Amino acid sequence: MIAPVIAYYRGGDGYALDKAVLAIAKRLEQATGEAPERWREQGKETSTSAIAEHVSTAPMFGGGTVAVITDPGPLLRSKESRETLEKILGAVAPGNALVFIEQGDAGDKRAAMYRTLEAAVIKAGGEARDFPAPKAGNLQGWLGNVAQERGLKLDREAAAELSRRVGAFVTENDVDRQRMGALAVSELDKLALYRGQEPIRKEDVEALVAEVIPDSIWALTDAIGRRDAAKAGPQLDRLLEGTAIPILVTVLHRRLRELLIVADIVARGGRNPDIMKAVGGAPYRLQKLVDQATSWAPAELADAMEGLLELDATLKGATDAGGTERQVRLAFAVWVRDHVARGASSPIRR
């Protein structure tokens, strides 16, 4: 009988996480000659007793069970539950597998309870691996490796175009990259069906793959901060499809207020420690705010903030009166034109 398998996988590469779980299932199947049962639950939707029920009994006939617990956080909130879960790690029966998946690239911001469970898995003889989501500069090479694994011929220009079309060029940290790899692979499979054994070319990608640009509030606020109306307008338009107007107004107002504070501190000869005390944030973010603040005169920032508040009041009245989505989009577009674009026509109070 094959020894039990215990694993802790984490990261933002959804495709690689799924592939790692599939590899465990294949390992059990090769050992028993039978495909194992798959049982997958979210941590918030299961219990320690349910997990124990699926993994603590060795299969008498056929394959075992691969139990996958995604985002186990809710199971780790009480001391009793954590202790029970650690006991289950030592009770996984031969022929079965227990896999925990911590989704997302939290880096150093991981909660201590996740680190503790990962350490317990390793102590119990299990494996722990990190599968970070491919970043903007890495997805092209990542796609090349996937194509090679599958025996596909993907030329460099095609890989670059495919990575661009699934949104890899967006570098902001609030972009959800969890399924970006899976999306890229699904598009790669579609291209493979189209080209067969022939090399996949850039022209094929352009013909078959639609452009998917991840929405990012950080991308929007940075475009506003740089006064890049050409990027801010379309980004804002996309965010309006799935983001509540009060949230957008709040986020934009916060960024303008931060820039006004930073501009005032810099004008008075203040340094980064003064800025950090006033607005908080990591050093790289502070430098970004300083750079963006230089694009504005203080009066322009004040005017943009007042215009945003007026926009908010107008939109509340419009939506209460049954205003159309087109009117909302137009109102935001006018605000970007009048207050964000360089050389905006709105009068600046002195």
Top-ranked residue in the range 240-251 [being more than 21 Å from the chain's Cα centre (by Cα) and surrounded by 15 or more Cβ atoms within 10 Å (Cβ to Cβ); ranked as farthest from ALA299 (Cα to Cα)]
ILE245
Could you please let me know if ALA302 is of a type in the set (A, V, I, L, M) and surrounded by fewer than 14 Cβ atoms within 10 Å (Cβ to Cβ)?
no
What number goes with the only condition from (1) at pLDDT 85 or above; (2) assigned to a helix (DSSP H, G or I) that SER295 does not pass?
(2)
Counting only residues that are under 27 Å from MET180 (Cβ atoms) and out of contact with any helix residue (DSSP H, G or I) (no Cβ under 6 Å at 6 or more places or on another chain), give me the helices (runs of 4 or more DSSP H) lying completely in the range 1-104 with at least 1 of them.
14-32
Only one residue in ALA50, ALA23, ALA7 is closer than 21 Å to PHE131 by Cβ, exposed (fewer than 15 other Cβ atoms within 10 Å of the Cβ) and among the hydrophobic types (A, V, I, L, M, F, W, C). Which one?
ALA23
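The values are calculated or read from the model by the stated rules, or taken from the named source; none is laboratory data. Source: prediction; values computed, not measured. We place every Cβ from the backbone using ideal geometry, glycine too, and count neighbours over all the protein chains shown.
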